[in-house]
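Below: one structure, written as structure tokens.
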Amino acid sequence: MKQLVCALLLATSATTISANSVESRLPEHIGFGSGAALGAVVAGPVGVVVGSSLGALIGHDVVQERALAQKNQELSGLNREISVARSQLAQLNAAQASKQAELVALRKLLSDLSVAVHFDVDSSMTAQRYRQALEAISEASRSIDSLTVRLVGHADPRGSETYNQRLSEARALSVEQVLRDAGASPMTIQTEGRGEKQALVAGRCDLYAMDRRVDVELNFDRKPQNEGLYSLR
């Protein structure tokens, strides 16, 4: 019995040394060699069973250990990638927050801002001196999400009420056309004519020029479509 145990130990040790010295061998080869050595010690049919069974188990354990080591290495790589992604997302969120703050400040500056385009007597033609300012407003309406332009036409109190109403509407449409020619979307522009209803001081000829105008009002009537970012948690 002692001889059998010694033989088993010697066979196992020899096989382990052989397996460690030949790293290129597959795990199944290692298991087969170990099993063969053990089977040689145990004679007869029992030796065949012992050799094949133990050999398969030894090879299987080696395969599992190597597979587990590989999976752990892959998991470590994925964790590094997730860490980098989180860092990049944090930077994007910070940049988005900064841009959002700038947009809020810009909204506050532009909200309910009104500028006037003035017209000659009985005219609905937008003067050339207003073109550059209107082109800038047109560009802003294209670049700033939710920005809308409201055009309110007026007329001085001279003439009939019906005539002044039509004249005020024509002036608003004239300014709208300049904005559209500069690239503004008609979906962002609203026009309205109020005739002589809001004339400054009726009967004051020195103020008539102030009544012949279109008020250009900038507003934020719609919520921005791309407000905020998703966060990775």
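State whether one or more residues within the stretch 156-163 are assigned by TED's automatic domain parsing to the domain that holds Gln198, closer than 16 Å to Asp215 by Cα, modelled with pLDDT of 85 or more and of a type in the set (Phe, Trp, Tyr).
No, every residue in the stretch 156-163 fails to be assigned by TED's automatic domain parsing to the domain that holds Gln198, closer than 16 Å to Asp215 by Cα, modelled with pLDDT of 85 or more and of a type in the set (Phe, Trp, Tyr).
Given the options Ser168, Ser114, name the one that is without any contact (Cβ under 8 Å) to a residue 60 or more places away in the chain and either small (Gly, Ala, Ser) or in a helix (DSSP H, G or I) (or both).
Result: Ser168 is the single residue among Ser168, Ser114 that is without any contact (Cβ under 8 Å) to a residue 60 or more places away in the chain and either small (Gly, Ala, Ser) or in a helix (DSSP H, G or I) (or both).
If only one of Ser53, Ser76, Ser141 is in a helix (DSSP H, G or I), at pLDDT below 90, within 20 Å of Val175 (Cβ to Cβ) and not charged (D, E, K, R), which one is it?
Ser141
The values are calculated or read from the model by the stated rules, or taken from the named source; none is laboratory data. In this text the structure is predicted, and so the values were computed from the model without any measurement. For neighbour counting, all protein chains shown are included, and Cβ atoms are generated from backbone atoms with ideal geometry for every residue, glycine included.
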